[in-house]
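*Asks:* Pasting a structure below so you can have a look.
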Amino acid sequence: MKPVFLLILCCFCKMYSQNINPTEEIKQLIASGKNHIIVLALDQLKKKENISFQEKDFHFVLVKASDKRILVQFGYNVMYLPKNTSYYSDIIVELPSGSISKSSKSNDETNTTYYYPNKADLQTIHSIMNPDGIKKDIFNIGIPNPPTIIKETENSYLVYFSSREPYLGGVFSEEEIDKKTGEIISFINGHYEPIPILPDDTVHQEKFIEITN
């Protein structure tokens, strides 16, 4: 009778796992910890995108959860785009569904690839972001920030920064730097105005909390 009992038990467990309350599944994932959640998200990237990343390949990983889902955001705080390149700038893995969404930055290119800066790219970033060598961490590793995007042109580098929250407003800037001399050719900056908050916006907005451990 033991084989029959084990078969019934296995079937019951399978049925239970298929019908588990999504909210309970989210609670279980949160309880497993941030590091485990990140590993699961990286496994989904490898499985669905056929790309192997490690957490250290990104400048930050942000994990946040609502009562319905968990979002794992892999991002960069500074990116360099040579001429005719396009890279994924933000990758979000949703759990437990495993769905993946990506945003990108382009410099006159439509074929988007994953971002793997080489030694020359990193040297260019340092020469622009840290010309006097004073800063220890220009990438703000581990801290999510709006990205600074550096685009190469024929004779200069364009440095873009934009930070915007719909209800809070934000700031933006654009700087052009001469390739040969390192001198600033032009610079503009400004502010975004916040949009009005409507009553329905706060009622229907999905609430997320950051998972830090």
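*Asks:* With respect to Ser173, determine if the residue is more than 18 Å from Val78 (Cβ to Cβ) and not in a loop (DSSP other than H, G, I, E, B).
*Replies:* no
*Asks:* So, one more: When region 109-168 is examined, which residues are found to be over 18 Å from Tyr88 (Cα atoms), among the charged types (D, E, K, R) and not in a loop (DSSP other than H, G, I, E, B)?
*Replies:* Within region 109-168, Lys119, Arg164, Glu165 qualify.
*Asks:* Same structure, new question: How many of the residues making up region 159-199 are under 24 Å from the mean Cα position of the chain (by Cα) and hydrophobic (A, V, I, L, M, F, W, C)?
*Replies:* Counting residues in region 159-199 that are under 24 Å from the mean Cα position of the chain (by Cα) and hydrophobic (A, V, I, L, M, F, W, C) gives 5.
*Asks:* Looking only at region 24-79, count every residue that is of a type outside the set (D, E, K, R) and part of a loop (DSSP other than H, G, I, E, B) and tell me the total.
*Replies:* 11
*Asks:* Just for region 144-171: of the residues that are β-branched (Val, Ile, Thr) and at pLDDT 95 or above, which one is nearest to Ser104 (Cα to Cα)?
*Replies:* Ile149
*Asks:* Please work out which one of (1) of a type outside the set (A, V, I, L, M); (2) exposed (fewer than 12 other Cβ atoms within 10 Å of the Cβ); (3) at pLDDT below 95 is the condition Asp90 fails and give its number.
*Replies:* Of (1) of a type outside the set (A, V, I, L, M); (2) exposed (fewer than 12 other Cβ atoms within 10 Å of the Cβ); (3) at pLDDT below 95, only one is false for Asp90: (2).
*Asks:* On to the next question. Is it the case that region 98-108 has a residue that's among the aliphatic types (A, V, I, L, M), assigned to a strand (DSSP E or B) and more than 22 Å from Thr212 (Cβ to Cβ)? Break it down into steps so the answer makes sense when it comes.
*Replies:* Of region 98-108, the ones among the aliphatic types (A, V, I, L, M) are 100.
Add one more test, that the residue is assigned to a strand (DSSP E or B), and what stays is 100.
Now narrow it down to the ones that are more than 22 Å from Thr212 (Cβ to Cβ): 100.
The answer is yes, given that some residue of region 98-108 is among the aliphatic types (A, V, I, L, M), assigned to a strand (DSSP E or B) and more than 22 Å from Thr212 (Cβ to Cβ).
The values are calculated or read from the model by the stated rules, or taken from the named source; none is laboratory data. Treat the numbers as computed from the prediction; the structure is a model and nothing was measured. Reconstructed Cβ throughout: ideal geometry from the backbone, glycine too, with neighbour counts over all protein chains shown.
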